[in-house]
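Below is one structure, written out as structure tokens; the observations come after it.
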Amino acid sequence: MTLRFALVGCGRIAKRHSELLGHRQIAGAELAAVCDVVPEKARRIGERFGVPSYADMHEMCRNEKIDVLVVLTESGLHARHVLELAPYRKHIVVEKPMALTLDDADAMIRSCDAHDIKLFVVKQNRFNVPVQKLREALEAGRFGRLVLGTVRVRWCRTQEYYDQDAWRGTWALDGGVLSNQASHHVDLLEWMMGDVESVFAKGMTALVDIEAEDTAVVVLKFRSGALGVIEATTAARPRDLEGSISVLGERGTVEIGGFAVNEMRTWQFAPALPGDEAVLDEYSVNPPNVYGFGHQAYYEHVVDCIRTDKQHLVDGLEGRKSLELISAIYESIETGQEVPLRFAPRRCRLGQPAQPGNDA
Ligand SMILES: NC(=O)c1ccc[n+]([C@@H]2O[C@H](COP(=O)([O-])OP(=O)(O)OC[C@H]3O[C@@H](n4cnc5c(N)ncnc54)[C@H](O)[C@@H]3O)[C@@H](O)[C@H]2O)c1
């Protein structure tokens, strides 16, 4: 049986999703319909792939035979849309970040559970070939005691990028580099290094005029006792430089670099195992763009989990976990204090409606 996917939101990232589903690049999946409140955007994608297009997601859900709804709307609207769509009892894939507040994330998880549907959060970088290989080494215990984990995002997003849509860089609908571009890397760091005990962060808006930060640095302490560093900026000029992760343990070091955590740069362990010397060649894949190759493997995972009713790798609870960490980082930037986790926000502005005087 082929699963029928329908897109809610036909903006920039919908191009990637529609190409994979519309060109039948995912075995067992096809594009069924698309919608956008801007009808022209939906029509363009609908016509390209020969599927019906709608301006209203409810009308699409009532008229079409759909197995999975894919929510690709502005980040601050994900929660509202998932809550409105869950009663149709179709599985839901939602782009990252799943929501901007922990209350919203909790409501989404509860609603999908209540309607007995799966909630998938897109974290395609977890499926990058070198990232999977790193995870395999961790699960095999090859690092021994973990010492240090670092992620670095040095991308270029100019004023022109932020100006193309009013929601970008706003607290209410997007946040800054941490909640948007670096949310993948924050997720990867926690996935590899385990639960976080506390964070201390500084942020600033360096080179563009937006509400939220374009540059931040974070020091983390993990429950394991290891330390971590996040360096995230969209103020790299004149072009993207890197998206990387390094994990250092008492018996080995792995570094994955490239633009999108896609290139194995260092793979060294003592003791070494047969095959270690080939890893740099075999597990390095250059991405065509900053989204990487992961969306394809991600969708294959979604199809597999639905078909076999398997537990999926990035569900609502996993999506919530990185949101909790990002919210704690924002709280630290606001308060100037080290923030412990588990965590309930007091001063974090992410996802809060604009208020007079509530500027960056
Ligand atoms: N995984 C990744 O690497 C990746 C990359 C880029 C963007 N994203 C995420 O994808 C989401 C969308 O980003 P984008 O750059 O495509 O934004 P965008 O502004 O280009 O697209 C969002 C679209 O949603 C539409 N929309 C809003 N409300 C709607 C509704 N009720 N029904 C139907 N359509 C509606 C808008 O009209 C718009 O066309 C964001 O959450 C972003 O963080 C993820």
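The values are calculated or read from the model by the stated rules, or taken from the named source; none is laboratory data. Not measured: the values here are computed from a predicted model. Because the Cβ atoms are built from the backbone with ideal geometry, glycine has one as well, and the counts that use them run over all protein chains shown.
Okay, here's what the table says:
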quantity: First in the stretch 32-44 and closer than 19 Å to L69 by Cβ, second anywhere and among the hydroxyl-bearing types (S, T, Y) and near the ligand (Cβ under 10 Å from one of its atoms), Cβ under 7 Å, 6 or more apart; calculated: A33/Y54; C35/Y54; A42/Y54
quantity: Failed criterion for E30 (all others in (1) surrounded by 20 or more Cβ atoms within 10 Å (Cβ to Cβ); (2) of a type in the set (D, E); (3) over 30 Å from F343 (Cα atoms) hold); calculated: (1)
quantity: Single unsatisfied condition, P97 versus (1) within 19 Å of P345 (Cβ to Cβ); (2) free of Cβ contacts under 8 Å to residues at least 40 places away in the same chain; calculated: (2)
quantity: Among residues of the stretch 1-15, those that are surrounded by fewer than 19 Cβ atoms within 10 Å (Cβ to Cβ) and either among the hydrophobic types (A, V, I, L, M, F, W, C) or within 12 Å of the ligand (Cβ to nearest atom) (or both), counted; calculated: 5
quantity: Test: residue in the stretch 40-47 that is within 12 Å of the ligand (Cβ to nearest atom) and either touching a Phe, Trp or Tyr at 6+ places or on another chain (Cβ under 7 Å) or under 27 Å from H115 (Cα atoms) (or both); calculated: yes
quantity: Test: residue in the stretch 57-73 that is surrounded by fewer than 20 Cβ atoms within 10 Å (Cβ to Cβ), farther than 20 Å from I306 by Cβ and under 21 Å from the mean Cα position of the chain (by Cα); calculated: no
quantity: Among residues of the stretch 109-120, those that are touching a Gly at 6+ places or on another chain (Cβ under 6 Å) and part of a helix (DSSP H, G or I), counted; calculated: 1
quantity: Residues that are surrounded by fewer than 23 Cβ atoms within 10 Å (Cβ to Cβ) and within 24 Å of the chain's Cα centre (by Cα), drawn from the stretch 245-265; calculated: S246, L248, E255, G257, G258, F259, E263, R265
quantity: Every residue from the stretch 301-314 that is modelled with pLDDT under 90 and more than 13 Å from the ligand (Cβ to nearest atom); calculated: D309, K310, Q311, H312, L313
quantity: Single residue of P97, P87 found to be within 16 Å of the ligand (Cβ to nearest atom) and under 16 Å from the mean Cα position of the chain (by Cα); calculated: P97
quantity: Candidate set: the stretch 107-164, residues that are surrounded by fewer than 17 Cβ atoms within 10 Å (Cβ to Cβ) and closer than 29 Å to I210 by Cβ; chosen: the one nearest to the ligand (Cβ to nearest atom); calculated: Q164
quantity: Which numbered condition D104 fails, given (1) closer than 17 Å to H312 by Cα; (2) among the acidic types (D, E); (3) surrounded by 18 or more Cβ atoms within 10 Å (Cβ to Cβ); calculated: (1)
quantity: Among the candidates S53, S18, S75, residue that is among the hydroxyl-bearing types (S, T, Y) and within 10 Å of the ligand (Cβ to nearest atom); calculated: S75
quantity: Matching residues in the stretch 61-72 - criterion: being closer than 17 Å to S18 by Cα and either within 10 Å of the ligand (Cβ to nearest atom) or of a type outside the set (D, E, K, R) (or both); calculated: I66, V68, L69, V70, V71, L72
quantity: Qualifying residue in the stretch 175-188 (condition: charged (D, E, K, R) and under 18 Å from the mean Cα position of the chain (by Cα)); calculated: yes
